[in-house]
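*Asks:* The structure that follows is given in the form of structure tokens.
The values are calculated or read from the model by the stated rules, or taken from the named source; none is laboratory data. Keep in mind it's a predicted model, so treat the numbers as computed, not measured. When we count neighbours, we look across all protein chains shown, and the Cβ atoms used for this are built from the backbone with ideal geometry, even at glycine. We work out accessible area using only protein heavy atoms, side chains counted, and drop any ligands, DNA or RNA first. Shrake-Rupley method; radii C 1.70, N 1.55, O 1.52, S 1.80 Å.
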Amino acid sequence: MERITACLVAMAVVTFCAVPQVRSSSSDHRYKAGDDVPLYANKVGPYHNPSETYRYFDFPFCSSAPVKEKKEALGEVLNGDRLVSAPYKLVFLTEKEAEIACKRKLTKKEVAKFRAAISKDYYFQMYYDDLPIWGFLGKIHYNKDRVIEVTVRSDPNALVDLTEDEPIDVDFMYTVKWKETNTPFENRMDKYSLSSSLPRHLEIHWFSIINSCVTVLLLTGFLATILCEFLRTISYAHDDESADDQEESGWKYIHGDVFRFPKNKSMFAAALGCGTQLFTLTIFIFILALVGAFYPYNRGALFTALVVIYALTSGIAGYTAASFYSQLEGTNWVRNLLLTGSLFCGPLFVTFCFLNTVAIAYKATAALPFRTIVLILLIWALVTSPLLVIGGIAGKNRKEEFQAPCRTTKYPREIPPLPWYRKTLPQIAMAGFLPFSAIYIELYYIFASVWGHRIYTIYSILFIIFIILLIVTAFITVALTYFQLAAEDHEWWWRSFLCGESTGLFIYAYCLYYYVARSDMSGFMQTSFFFGYMACICYGFFLMLGATGFRASLLFVRHVYRSIKCE
């Protein structure tokens, strides 16, 4: 224990610093010998708890006077980055040997704080000329007048024994070595992105795609069988003589009830609107990812994109919800818009308030500053809400009637008793299992990136998996809707939505498995952040895939009943 403690403290002593992660033009990041290269310290925290990070100088490291904070963008703050100037001077092409940055006497309390951090495997993160560095082995590399790579190691000859809770004098020292390399400046980020493209990883990713394709092929064959059976039995609708003699049964028997509007029309339309907006948001995020907007350690770019695109697409939610609510002959469209605006944002806001309070109590960098919270509220008030209302007004004024190929009877037909496996909960479980089985292999890499320190850059494969997920969700929902109608159960609207969105429940169940079996996360803060924000993410999948399943089922049901004689 003494040896591990001393080594990790030395690693902290050798800590360098960080610059903000912003992609520069070809004219930037050029230095001459002796130029100061900006260094910023970012954060420290338990290696296995990526959400539990603290400001660098919350720990008694050697600090410069005064400490200057780097102005952060919205996405960087949401990412938990808090860059400050560091006392170590890494002058371009100037080597240093055991340079003393400062001398400091650690108190008994500070020694105990260091030892507690070491026992929890704390790591540090810094940036040096746009390059992230941690406590791993290496030297600083350069190519002519540019910094190409930076790494850090601890000096085994400069250890400090923190076994006892006693005050101790510490010399914070650092050594700088420069090594020339032929790596072009444009490729200096490749080492961070190539880790997820190694052959052994690509084999697993392609196996995931093959597994998903097999699932799609099986479902396609299954659905084709259903359609063939449907086409075989539908011929009576085009034969007047046989139609008069043949008694209607199964799904044909309920043609006067199948287009009866669902209960809770406003909630249904709001869920459809939110799901459509989240689907649009996901597509835009994939487009940005595929064009290279989210290159490794582009700090906060994803969070900024999520906030901005969600705000700009709120009009889609308002338009979809209001127009469909109008088709369902709803009249209280103001209530419908309020429900649409709060259906996803409401739970997300409550979750954020709780988790931000936890982060404040822990004094972690995940706690958002007041000005950032005000900025997000302004975006919601000045962009999201107005666009939602504008979209809702446009949808309400569209005045399009619901396209039902069959006339709905005045009184609903009684639904016959159903076996247990055809009731709602078993159908939902069956509907969610197959889409989840198509993506579960890829889920591990996504979780390891979001809730760990892996780098995920194979967005093309992820996009393929997403398309397969949509196809499988649509196919299985259509199949289950057919079986439901065949059992003379005409209340398929909410069932199709719930069957589509049930994959979100399976993903959340996988969260529990990942937390227990595949990660070393611990502590109340990390646990609450993991399950809290994953609940919001899975709820987003819940709405998005629910909208996908219902749209597919509606298309199928319309096609089916358009092909029969409806009186």
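*Asks:* Viscosity 1.567 mPa s, temperature 4 °C: Stokes-Einstein D of the stretch 490-544 from its Kirkwood Cα radius, in µm² per second? Can you show the working numbers first?
*Replies:* Details: Rh = 12.3 Å.
Value of D from the Cα-based Kirkwood radius: 105 µm²/s.
*Asks:* Under 5 Å between amide H atoms, partner at least 5 residues away or on a different chain: which partners does Ala86 have, H built in plane at 1.01 Å?
*Replies:* Excluding prolines and chain starts, which carry no amide H, the hits are Leu39, Ala41.
*Asks:* While we're on this one: Assuming R0 = 60 Å, can you tell me the calculated FRET efficiency for the pair Ala112 and Phe222, based on Cβ-Cβ distance, to the nearest 0.05? Write down the numbers at each step before the final one.
*Replies:* Numbers: r = 63 Å, r/R0 = 1.05.
After rounding to 0.05, the efficiency reads 0.45.
*Asks:* A further question follows. Return the distance in nm (one decimal) between the two label points of a simple spin-label model at Lys71 and Phe433, each offset 7 Å from Cα along Cα→Cβ.
*Replies:* Once both label points are built, they end up 5.7 nm from each other.
*Asks:* Highest first, please rank the peptides 158-171, 328-341, 539-552 by the mean number of other Cβ atoms sitting within 10 Å of their residues.
*Replies:* Numbers: 158-171: 14.7, 328-341: 18.6, 539-552: 24.8.
So the order, starting with the most tightly packed, is 539-552, 328-341, 158-171.
*Asks:* With only Lys, Arg, Asp and Glu charged, each at its Cβ (+1 for the first two, -1 for the last two), find how big the charge dipole of the chain is about the Cα centre; round to the nearest 20 debye.
*Replies:* On the way: 53 positive and 50 negative charges, 242 e Å.
So the dipole magnitude of the chain works out to roughly 1160 debye.
*Asks:* Of the listed peptides 34-43, 285-294, what is their order by residue-averaged count of other C-beta atoms within 10 Å, with the highest listed first? Kindly include the intermediate steps, with their values, before the conclusion.
*Replies:* Working: 34-43: 19.3, 285-294: 14.9.
Descending mean neighbour count gives 34-43, 285-294.
*Asks:* State the percent of C-alpha pairs, over all pairs in the stretch 68-192, separated by a distance greater than 24 angstrom.
*Replies:* Working: 3227 of 7750 pairs.
Cα-Cα pairs in the stretch 68-192 separated by more than 24 Å: 42 percent.
*Asks:* Let me ask something additional. Could you report the accessible area of Met267 in Å², rounded to 10, computed with a 1.4 Å probe on the protein chains as they sit in the structure?
*Replies:* Counting only protein heavy atoms, the figure is 70 Å².
*Asks:* Grab the beta carbon distance between Lys32 and His453, set R0 = 35 Å, and tell me the FRET efficiency rounded to 0.05.
*Replies:* Working: r = 35 Å, r/R0 = 0.99.
Here the calculated transfer efficiency is 0.50.
*Asks:* Under 5 Å between amide H atoms, partner at least 5 residues away or on a different chain: which partners does Cys102 have, H built in plane at 1.01 Å?
*Replies:* Residues meeting the amide H criterion: Phe172.
*Asks:* Then there is this: Alpha carbon centre of the stretch 426-479 versus the stretch 73-110: separation in Å?
*Replies:* After rounding, the separation between the Cα centres reads 41 Å.
*Asks:* If R₀ is 45 angstrom, what is the calculated FRET efficiency for the pair Thr181 and Ala509, using the beta carbon separation as r and rounding to 0.05?
*Replies:* Numbers: r = 47 Å, r/R0 = 1.04.
The pair Thr181/Ala509 has a calculated efficiency of 0.45.
*Asks:* For helix 424-450, what angle does its Cα long axis make with the longest principal axis of the chain, in degrees from 0 to 90 and rounded to 10?
*Replies:* Helix 424-450 sits roughly 20 degrees off the main axis of the chain.
*Asks:* Still on this structure, please answer the following. What pairs from Lys32/Lys96; Lys70/Lys109; Lys120/Lys363 go past 24 Å between their alpha carbons? List each step's numbers first, then the result.
*Replies:* On the way: Lys32/Lys96 17 Å; Lys70/Lys109 29 Å; Lys120/Lys363 17 Å.
Pairs exceeding the cut-off: Lys70/Lys109.
*Asks:* Next question. Apply the Karplus parameterisation 6.51 cos²θ - 1.76 cosθ + 1.60, with θ equal to phi minus 60°, to every residue of the stretch 501-510 and state each ³J(HN,Hα) to the nearest whole Hz, in sequence, with x for glycine and proline.
*Replies:* 7, 5, 4, x, 5, 5, 5, 5, 5, 5
*Asks:* Give me the percent of the accessible area of the chain that comes from carbon and sulfur atoms, probe 1.4 Å, all protein chains in place. Spell out each step's value before the answer.
*Replies:* Numbers: 16870 of 27290 Å².
Carbon with sulfur: 62 percent of the solvent-accessible area.
*Asks:* For the chain, what is the accessible area per residue in Å² when the probe is 1.4 Å? Walk me through the intermediate numbers first.
*Replies:* Values: 27290 Å² over 567 residues.
Normalised by residue count, the accessible surface of the chain is 48 Å².
*Asks:* Could you give the length gained by full extension between Glu95 and Val334, i.e. 0.36 nm per residue of separation minus their alpha carbon distance, to one decimal place? Working shown, then result.
*Replies:* Working: separation 239, 0.36 × 239 = 86.04 nm, distance 6.76 nm.
That works out to 79.3 nm of additional length.
*Asks:* With every protein chain in place, what's the accessible area of Tyr515 (1.4 Å probe, Å², nearest 10)?
*Replies:* Around 40 Å² of this residue is reachable by solvent.
*Asks:* Let me ask something additional. Angle between the Cα long axis of helix 459-486 and the longest principal axis of the chain, 0 to 90 degrees, nearest 10?
*Replies:* Long axis of 459-486 versus the principal axis of the chain: about 30 degrees.
*Asks:* Of Ala112, Leu485, Tyr444, whose Cα points farthest to the positive end of the dipole of the chain (charges on the beta-carbon: +1 Lys, Arg; -1 Asp, Glu; origin at the Cα centre)?
*Replies:* After comparing all options, I get Ala112.
*Asks:* Within 10 Å, count the other beta carbons around each residue, average over each peptide in 378-389, 72-83, 173-184, and list them highest first.
*Replies:* Working: 378-389: 16.7, 72-83: 21.1, 173-184: 14.2.
Result, highest mean Cβ count within 10 Å first: 72-83, 378-389, 173-184.
*Asks:* If the chain between Cys213 and Phe349 were fully stretched, how many nm would it gain, using 0.36 nm times the residue separation less the Cα-Cα distance? Mind showing how you got there, number by number?
*Replies:* On the way: separation 136, 0.36 × 136 = 48.96 nm, distance 3.72 nm.
Full extension from Cys213 to Phe349 adds 45.2 nm.
*Asks:* Specify whether the C-alpha gyration tensor of the chain places it in the rounded, prolate or oblate class, a ≥ b ≥ c being the square roots of the eigenvalues: rounded for a/c under 1.5, otherwise prolate if a/b is larger than b/c and oblate if not. Could you put the intermediate results ahead of the total?
*Replies:* On the way: a/c = 2.62, a/b = 2.41, b/c = 1.09.
Prolate.
*Asks:* List the lysines whose alpha-carbon lies under 23 Å from that of Lys396, not counting same-chain residues fewer than 8 positions away?
*Replies:* Lys263, Lys265
*Asks:* Taking H as built 1.01 Å from N, whose amide H comes closer than 5 Å to the amide H of Tyr47, not counting residues under 5 places away?
*Replies:* Those qualifying (amide H under 5 Å, at least 5 residues apart or on another chain) are Tyr122, Tyr123.
*Asks:* For the chain, what does the relative contact order come out to in percent, with C-alpha contacts under 8 Å and a separation of six or more? Don't jump to the answer; show the numbers that get you there.
*Replies:* Values: 958 pairs, mean separation 105.5, N = 567.
Value for the chain: 19 percent.
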